[in-house]
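First the structure, in the form of structure tokens, and then the observations on it.
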Amino acid sequence: ATSRPGLRSGTSRGSGKTGLDYTIADPAELLPSGPKDRFRRNVEAIRLLKQLEAEGRQATAAEQTILARYSGWGATSLQQVFQRYPRDEWATEAQQLRALLTDEEYAAARASTPNAHYTSGEVIQAIYGALERLGFRAGRLLEPAMGVGNFFGLMPAAMREASSRTGIELDPLSGRIATQLYQSADIRVQGFQDALLADNFFDVAISNVPFGDYTVHDPRYNKYHFNIHNYFFAKALDLVRPGGIVAFITSPFTLDSRSAVFREYLQDKALFLGAIRLPEGTFGKVAETQTSTDVIFLQKRGPEVTTQGQSFLDLARLGGTDINVNAYYAADPRQMLGTMERTSTMYGPAQPALPGRTGLDLSAGMARAVDRLPEHVYQ
């Protein structure tokens, strides 16, 4: 995105809505300088949101710049503000936040802390580069866990102008801010499990989906007992049309789980186009999270799909280690931006992980990995 932030007047091809749509010219401008600055920016954005809603109007371009700096409450350093007895250095902020939010908003914000991790701009830009390599130029795009909408804000200009965008966000504060930032998009402030969307409708689903070993209630999928990140894949694959693409950031356990049951489910629905494993710390500045992540690209099966998918059902020993990873990575370790090793992680001691390393050029590494994905498979 090279246009000036907040100054595009848009009309969504899908929703018929009009208004200003924010564009992120420089993702670095959205990064806070530290925990206190993150809190200050969040509070400033919430106060402005409430003012706009009280006045019954949409945000101006200047106001969108303030709203876009909201980064949620997933950062470890901010979780003190939701403690009953916060540390002294956060006591004032905890009181300030409690006074600012309604009971419902406060409960939702506190509940969002495990998953309110916002995606770094360079990763989003690389994913759009991958979509373009795969052949996607414009169409109906779904973002089912959008936060405040950074995937919309960093969408390439030509793609954005010719596409319709639908966004889903469970957290009410994030969703309402997204509605102010992307005024011409169709944004639903609800859980993905509650969103009524047509099967075989979208061309692309793109997101940094929630991670975790818990389930959501959706009668269509309850029998499978999918954990949250796998559930997002399953529902998104039903919503995209045959030949459509799902490009999700997810937990490494989707590909590396010892059980292949979910991968077999995916194999029945889609072709595995490839993946990129990102090191710990990739989202550190944005989300203060240190876990490794995978970006997975799938194409929904259909009569007209002639793509040759990659093998991803099995695990294999990574050369020179005692670590089992998905056979796709074992066959081409270049798709992992670093070297797997055993280390202490959020999942326990001596766990396989992809540690970050000093001096890693994430943008260049992702660009090289994207160049190894198949070309022009999307029609």
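A simple spin-label model places the labels of residue 198 and residue 259 3.5 nm from each other, with each point 7 Å out along Cα-to-Cβ. Under the simplified labelling scheme, the residue 321-residue 372 pair shows an inter-label distance of 1.4 nm, with each label point 7 Å from Cα along Cα→Cβ. The three principal axes of the Cα atoms in the stretch 258-379 give end-to-end lengths of 45, 31, 28 Å, sorted in falling order.
Roughly speaking, what % of Cα-Cα pairs in the chain are separated by over 30 Å, rounded to a whole number? Result: 37 percent of Cα pairs exceed 30 Å.
Local charge for residue 206 was computed over the other residues whose Cβ lies under 13 Å away, with Lys and Arg +1 and Asp and Glu -1, and equals 0.
Using a cutoff of 8 angstrom between alpha carbon atoms and counting only pairs six or more residues apart, the relative contact order for the chain works out to 16 percent.
Helix-only arithmetic for the chain: the sum of -39500 (n - 2.57) across DSSP H runs with n ≥ 4, divided by the residue total, places the mean residue ellipticity at 222 nm at -9500 deg cm²/dmol.
Could you give me the percent of Cα pairs per 5 Å distance bin for the stretch 66-142, shortest bin first, beginning at zero and ending with the bin that holds the maximum distance? Here the calculated profile for the stretch 66-142 is 3, 13, 17, 19, 14, 9, 9, 7, 6, 4, 1. Taking all protein chains as shown and a probe of 1.4 angstrom, residue 249 keeps an accessible surface of around 0 Å². Computed from the C-beta positions of residue 61 and residue 99 and an R0 of 35 Å, the FRET efficiency is 0.75 to the nearest 0.05. Accessible surface computed residue by residue for the chain, with neighbouring protein chains in place and a 1.4 Å probe, gives 43 Å² per residue. Surface composition of the stretch 86-158: carbon and sulfur make up 47 percent of the accessible area, probe 1.4 Å. Just the protein heavy atoms count here, and of the accessible area of the stretch 222-379 at 1.4 Å, carbon and sulfur take up 49 percent. Separation of the stretch 36-104 from the stretch 233-276 is 35 Å, based on Cα centroids. Rounded, prolate or oblate: which fits the stretch 164-309 when a ≥ b ≥ c are the square roots of the eigenvalues of the alpha-carbon gyration tensor, with rounded for a/c under 1.5 and prolate only if a/b beats b/c? Here the stretch 164-309 falls in the rounded category.
The largest-to-smallest principal axis extents of the Cα set in the stretch 10-120 are 48, 31, 23 Å. Calculated FRET efficiency, residue 304 to residue 132, Cβ-Cβ distance, R0 = 25 Å: about 0.75 to the nearest 0.05.
Once the Cα-Cα distance is subtracted from the 0.36 nm per residue extended length, the residue 344 to residue 87 segment shows a gain of 89.9 nm. Sorting 66, 124 by accessible area puts them as 66, 124; the probe is 1.4 Å, largest comes first, and only protein heavy atoms count. Short-range pairs are left out: with C-alpha atoms under 8 Å and at least six residues apart, the relative contact order of the stretch 234-352 is 27 percent.
The values are calculated or read from the model by the stated rules, or taken from the named source; none is laboratory data. This is a predicted model, so every value here is computed, not measured. Because the Cβ atoms are built from the backbone with ideal geometry, glycine has one as well, and the counts that use them run over all protein chains shown. Only protein heavy atoms, including side chains, enter the accessible area calculation; ligands, DNA and RNA are left aside. Shrake-Rupley method; radii C 1.70, N 1.55, O 1.52, S 1.80 Å.
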